[in-house]
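Before any comments, here is the structure.
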């Protein structure tokens, strides 16, 4: 049964501390962090030019924004925390024939076990292959989290009557989403470039133009998403997810006030991952030259798992090596792209994100896990 949490639960700051901070840590004074009679803690974070903090270590936790809530996942559990609408909001929404704009009730948390195929099968942990498997698992959890969040916005009597969606339906939904992405970002670009294939004259120019079109379509898609007003609160919860994870990675107590001080941008974000996919695709397809049109189409489909696997490895590497200046420089475009898919959250939204992460931390301690425990763990924020 879901645990219902009264507003303000996260203010207590209960958390599991990560491992000891590194030599690059900086002292961050704050009464909310240290307590009234303690010295300022040493925090594994750096202060950005805009005054916000960014964590300097990686932890095996990730997440996703959902409707009026956040999903957080760890090594062996994942949790969804959602702020429920009040009865008054539900009545108003029913009278006005649309859903509540911003749920203002209590926070509801559901926790689920996480049994990754990567832990069960050693072969699946090979580089590149592990990224493909991890992304498939993340999609399954992500769609399931969206269902949990949507059900939480219903009246209690309707929520109890909801039946769990069959696994086959989830597989079909994921397959459709992947197919749509392949058509839009891989087949359409190569098809458009093929129309002027004769004028280009070289394979280098061909895959360069194709890459520019692919990246342009992706950026245009991101801009359109960012302008949808109904997604604004989802983007705010996305920012809350990032801030909360960074707060934990830095070693600060999990409170809304502490999390608010961190950047809403995170190096392991899925938005950055997608941009890396667009760029990696250029280099993967380049050696193929200019085969017949049907081979061009086939390679754009068959090459997707390889591109996704390579991109996943790069994102994980960036997250683990975020201290290095050249890594931060390479991450910069992806981080700036997150300005489109995240918004600054308020303290109530941070409370929800913290509730989700604390639910995971109550069952596992990512900062104290052994190398054996972390085998096969691949998490993107």
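The numbers here are math on the coordinates, done by the rules we state, and not lab data. Everything numeric here is computed off the predicted structure, so don't read it as measured data. Cβ placement follows ideal geometry from the backbone for every residue including glycine, while neighbour counts extend to all protein chains displayed.
Brief remarks on what is shown
- Which of 221, 237 has the fewest Cβ neighbours within 10 Å, and the rest in rising order: 221, 237
- Modelled this way, with points 7 Å down the Cα-to-C-beta line, the labels at residue 192 and residue 282 are 1.5 nm from one another.
- With neighbour counts taken as other beta-carbon atoms within 10 Å, the residues 358, 236 rank, fewest first, as 236, 358.
- Spin-label model, residue 365/residue 183: points 7 Å from Cα along the beta carbon direction are separated by 5.1 nm.
- Footprinting exposure proxy for 229, 119, 84 (fewest neighbouring C-beta atoms within 10 Å first): 229, 119, 84
- Gain on full stretching of the segment that runs from residue 347 to residue 298 - 0.36 nm per residue minus C-alpha separation: 12.8 nm
- Mean Cβ neighbour count within 10 Å, used as a protection proxy, ranking 166-176, 203-213 highest first: 203-213, 166-176
- Cα Rg, Dmax (largest Cα-Cα span) when computed across region 265-322, Å: 13.3, 42
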